[in-house]
Amino acid sequence: MNAPEKKKLRVATCSLAGCFGCHMSLLDIDERILTLLEYVEFDRSPITDIKHCGKCDIGIIEGGLCNAENVHVLREFRENCSILIAMGACAVNGGLPAQRNSLSLPEILEEVYCSMANGIIPNDPELPLPLNKVHPIHEVVKVDYFIPGCPPSGDAIWKVLTDLLAGKQPELSHELLHYD
Amino acid sequence: MAKTFTIDGKVVPFEEGETIIQAARKAGVYIPHLCYHPEFKPHGSCKLCTVKVNGWQTASCTMRAGENMVVESNTDELNSERRTLTQMLFVEGNHFCPACERSGECKLQATAYDLGMMTPHFDHFFPNRAVDASHPDWMLDFNRCILCSLCVRASRDVDSKNVFALTERGIKTKLIVNSKSGKLGDTNFSVTDKAAQVCPVGVHIRKRRGFAVPIGERRYDKAPISDLSHEAAVEVK
Ligand code: SF4
Ligand code: SF4
Ligand code: FES
C-alpha cells in the first residue's frame, strides 16, 4: 500500500513597500524550487496571483509599511498565517522607503508632484493613503522570524525555509547573514 | 610565575594594571566591544564588553584584571544582553547598511552579525540628523554615530586639536564639532588626523571614495569580527 501523501505546508508571500527584489531572490533558489514544491503549496503570492491570503502555515512578507493598504494586507497575513517571516531589509527595518522618514510627508508630496507646472498631488479615492512614516512590519504585528539582507540571498532564504520545514530554529551562518 | 585569571575556563596571564580586555586580547580571547580601542584610554560607555567577574557584571575595558578572578564572557546570557545593546544602537540612529560606505567594514554591523542579530527588535526612532559635508575632503554622517567618543579622544589626545566633543546627556547625547559655526569645514581638521581613522561605524567618510572595496572582499565579509586575525591586523599596532 502506498504511504498516504504528506500534507503540504501552505505558504503565502507578498510584497508591501518593497521592490520585489526579495521575491527575485526567492527565485534565485533556482531548481531547488521544485524540491520546495514537494513540501509546500502556494496560497496568495505573486507566483499564483491569488488576491487574498487564506489559512496558511507560513507567510512571507517582503517590504515595510508605507501606506494604509500595506497595513491591511499585513494584518490579513498575520491573522491567517501560523508563522510570519519578515524577508529582507525593508520588512526588517524599513529599508530604502524609510529613508523618507526624516522629511515631512507634505513636503515630499509637494516636491514630487508640484515642482513641475500644473502638477497636483494625486487624490483618487482608489489610492491607499500614505502613512506619515514608513515602518518595519514588527512595529505593527508580531513577527516570528527575520531574514535580513537587501536582498537576502537565495541561499539565505532557502536555509530559513528548509530549517523551518525540518522543524528547526532557523539560523544563518556568517556567510549568509548580512544587512546589505 | 605570571599572575593569572580565567575567562570561560581558559587560563589568562596578565601584568599588574592591565584591564581584563587587554589581557584577553593578548591571550587570543575575543570580547565584543565598540568604544574600546587599544591605543586609547577606555571610555566604558557602550557596555558591549560587559563580562561577569566572580558573578558580578562589569565592563571588561575598564576593570583591571586580578589574580584568580573567574570571568565569564562567551555565555548565552551575556551575548543576549550584548545583542540587545546592538539592537538599541541600531534603532537610535539611522543605519541603512545597503547605502552605507562603511558596510562590510563596520564594527557595529560586524558585532551584530557575530551576535546573530536578525532584527532590530525595538521601534525605530528615525531621528532627523543633518549630514555635515562642509569640509572639502571629509563628510560626517551623524545618523550613524554610536557616541563611542573615539574620534573625540583621538582628536584631543593624539592630534591635540579637540575638533569633536560629546554634548548633552542621556538619550540626548550627541556628537558636535568644535567651531563657531559647528561645521567641520571651519575647523583645522585634516584627513591625516588620527581622528579620521578611528570611527568604528560610518560617520567619518572620505569624500569621493565610497564603496571602493567590492562586496565579498570587505574586511568582515571574509571572517567574522570574532576572528582573531582582525584583532592582530586591524588594531594592535
Ligand atoms: S554605520 Fe555600520 S551599521 Fe550603520 S549603516 Fe553603516 S554599515 Fe550599517
Ligand atoms: S563619529 Fe564615530 S568615532 Fe566619533 S563618537 Fe561617533 S561613532 Fe564614535
Ligand atoms: S568596550 Fe567596554 S564599555 Fe565599550
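Annotations for the structure displayed:
- Note on the range B:104-115: residues that are open to solvent by 10 Å² or more (accessible area, probe 1.4 Å), part of a loop (DSSP other than H, G, I, E, B) and within 10 Å of chain A (Cβ to nearest Cβ) amount to 1.
- Residues within the range B:187-225 that are over 30 Å from B:Ser160 (Cβ atoms), in contact (Cβ under 8 Å) with a residue 60 or more places away in the chain and assigned to a loop (DSSP other than H, G, I, E, B), tallied: 6
- Matching entry among B:Ile176, B:Ile146 (being in contact with a Gly (Cβ under 8 Å, 6 or more places away or on another chain), surrounded by 19 or more Cβ atoms within 10 Å (Cβ to Cβ) and either aliphatic (A, V, I, L, M) or in a loop (DSSP other than H, G, I, E, B) (or both)): B:Ile146
- Out of B:Leu108, B:Leu85, B:Leu89, B:Leu78, sole residue that is away from ligand 1 (no atom under 16 Å from the Cβ) and either among the aliphatic types (A, V, I, L, M) or on the phi > 0 side of the Ramachandran plot (or both): B:Leu78
- A:Lys142 satisfies every condition listed in (1) part of a helix (DSSP H, G or I); (2) farther than 28 Å from B:Ser103 by Cβ; (3) within 14 Å of chain B (Cβ to nearest Cβ) except (1).
- The conditions of being modelled with pLDDT under 95 and not in a loop (DSSP other than H, G, I, E, B) are not met by A:Glu79.
- Hey, B:Leu89 within 12 Å of chain A (Cβ to nearest Cβ), in a helix (DSSP H, G or I) and within 14 Å of ligand 2 (Cβ to nearest atom) or not: no
- Residue match in the range B:123-141 (condition: within 16 Å of ligand 3 (Cβ to nearest atom), surrounded by 19 or more Cβ atoms within 10 Å (Cβ to Cβ) and either among the β-branched types (Val, Ile, Thr) or within 13 Å of chain A (Cβ to nearest Cβ) (or both)): no
- All positions within the range B:1-50 that are in a helix (DSSP H, G or I) and open to solvent by 20 Å² or more (accessible area, probe 1.4 Å): B:Gln22, B:Arg25, B:Lys26
- If you filter the range A:45-76 down to residues that are touching a Ser or Thr at 6+ places or on another chain (Cβ under 6 Å) and assigned to a strand (DSSP E or B), you find that the one that is nearest to A:Leu103 (Cα to Cα) is A:Glu62.
- Complete set of residues in the range A:145-180 that are within 11 Å of another protein chain (Cβ to nearest Cβ) and β-branched (Val, Ile, Thr): A:Ile147, A:Val160
- Options B:Leu147, B:Leu108, B:Leu85: the member that is within 16 Å of ligand 3 (Cβ to nearest atom) and free of Cβ contacts under 8 Å to residues at least 60 places away in the same chain: B:Leu85
- Of all residues making up the range B:57-86, the number that are more than 14 Å from every other protein chain (Cβ to nearest Cβ), of a type in the set (D, E, K, R) and not in a strand (DSSP E or B): 4
- For the range B:22-68, taking the residues that are on the phi > 0 side of the Ramachandran plot and more than 16 Å from ligand 2 (Cβ to nearest atom), the one that is nearest to the chain's Cα centre (by Cα) is identified as B:Gly28.
The values are calculated or read from the model by the stated rules, or taken from the named source; none is laboratory data. If you're wondering where the values come from, they're calculated on a predicted model, not measured in any experiment. Cβ sites come from the backbone with ideal geometry, for glycine too, and all protein chains shown count toward neighbours. For accessibility, only protein heavy atoms count, side chains too; no ligands or nucleic acids. Shrake-Rupley method; radii C 1.70, N 1.55, O 1.52, S 1.80 Å.
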